[in-house]
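Everything below concerns the one structure shown next.
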Amino acid sequence: MRLDKFISTTTTLSRAEAKKVIKKGILINDKLIKTPDYKIDEFKDQVIVNGNRLVYQKYVYIMMNKPKDTVSATEDVIERTVVDILRDEDRIYKVFPVGRLDKDTEGLMLLTNDGELAHKLISPKKDVEKKYYVEVSGELKNEHLKIIKEGVILEDGYRCKPARLEILDSSEGNSKANIFITEGKFHQVKRMMKSLGATVTYLKRLSIGSLKLDENLKLGEYRYLTDDELNKLTK
């Protein structure tokens, strides 16, 4: 890997800024280097910048408890994004959200720069189950369990893939439930509930496949996945 690319990848510096730093001299394996296109082994060579050794990570995996009023994007000229929440030292990996949650939806958001894993988790063909906790205005009934299981039909005629509904509490005014789906159509859970005659008032994602939201994470907080979580997720 070129030295300037390595530095821009492992720090908050741009490629142009990295070149300026390199021209002043960078220590690589105790040897002073001033050439931006100098080739290094990003996994083995010891690169020192401002007294700190830079460590290269090809892929990173971040679990976030997404708050409301935040969009699932890497950048937006108007709205705050999930990437905006990250500290500078975590943005250097150029992560992106895996799938999307609506602006007003809370809960588990996975951010990574691993495109292959992201595809595996969001592709409808992979049938990766996502669990949501939902509160609605309206009564969820036992008859709705079968409708969801067989594939509820949305307002545009699309029949959803078979899903699961677990009613936690229900009355004529309000209901609470867990819903498990394996696809991610636009506003899908909200539209599924609408087809049942209910209106979503609160929605939170609790899991993606084997990955469960850490209950210790407050809204807007995040952490890196543990080795165990990552191993289970990539099986």
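The values are calculated or read from the model by the stated rules, or taken from the named source; none is laboratory data. Keep in mind it's a predicted model, so treat the numbers as computed, not measured. FYI the Cβ positions are ideal-geometry reconstructions off the backbone, even for glycines, and counts take in every protein chain you see.
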task = Look through Val82, Val49, Val77, Val71 and report the one residue that is in the same structural domain as Leu27 (by TED's automatic domain parsing) and of a type outside the set (D, E, K, R).
result = Val49
task = Output the residues belonging to the stretch 44-58 that are surrounded by 15 or more Cβ atoms within 10 Å (Cβ to Cβ) and assigned to a loop (DSSP other than H, G, I, E, B).
result = Asp45, Leu54, Tyr56
Phe186 being closer than 27 Å to Glu229 by Cα and either assigned by TED's automatic domain parsing to the domain that holds Val98 or among the aromatic types (Phe, Trp, Tyr) (or both) = no
query = Going through the stretch 143-177 one residue at a time, which ones are surrounded by fewer than 15 Cβ atoms within 10 Å (Cβ to Cβ) and polar (S, T, N, Q)?
reply = Ser171
message = I'd like to verify a number: residues in the stretch 164-210 that are free of Cβ contacts under 8 Å to residues at least 60 places away in the same chain and part of a strand (DSSP E or B), how many?
response = 15
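Rundown of residues vs (1) loosely packed, with under 15 Cβ neighbours inside 10 Å; (2) at pLDDT 95 or above; (3) part of a loop (DSSP other than H, G, I, E, B), yes/no style:
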| residue | (1), (2), (3) |
| --- | --- |
| Thr9 | no, no, no |
| Pro36 | no, no, yes |
| Glu42 | no, no, yes |
| Asn65 | no, yes, no |
| Asp84 | yes, yes, no |
| Tyr93 | no, no, yes |
Looking only at the stretch 13-29, and only at residues there that are of a type in the set (D, E, K, R) and either outside any helix (DSSP H, G or I) or touching a Ser or Thr at 6+ places or on another chain (Cβ under 8 Å) (or both), the one that is farthest from Arg91 (Cα to Cα) = Glu17
ask   = Given the conditions (1) at pLDDT below 95; (2) crowded, with 18+ Cβ neighbours inside 10 Å; (3) touching a Ser or Thr at 6+ places or on another chain (Cβ under 6 Å), and given that Lys131 satisfies all but one, which numbered condition is not satisfied?
value = (1)
remark   = Note: among Val95, Val71, Val83, Val77, just one is farther than 22 Å from Tyr202 by Cβ and touching a strand residue (DSSP E or B) at 6+ places or on another chain (Cβ under 6 Å), namely Val95
query = What residue, among those in the stretch 11-21 that are farther than 15 Å from Asn52 by Cβ and not small (Gly, Ala, Ser), is surrounded by the most Cβ atoms within 10 Å (Cβ to Cβ)?
reply = Lys19
request  = Considering only the stretch 146-163, state which residues are β-branched (Val, Ile, Thr) and not in a loop (DSSP other than H, G, I, E, B).
outcome  = Ile147, Ile148, Ile153
key: Residue that is of a type in the set (D, E, K, R), farther than 22 Å from Phe96 by Cβ and at pLDDT 95 or above, where the choices are Glu172, Glu221, Glu143, Glu229   = Glu143
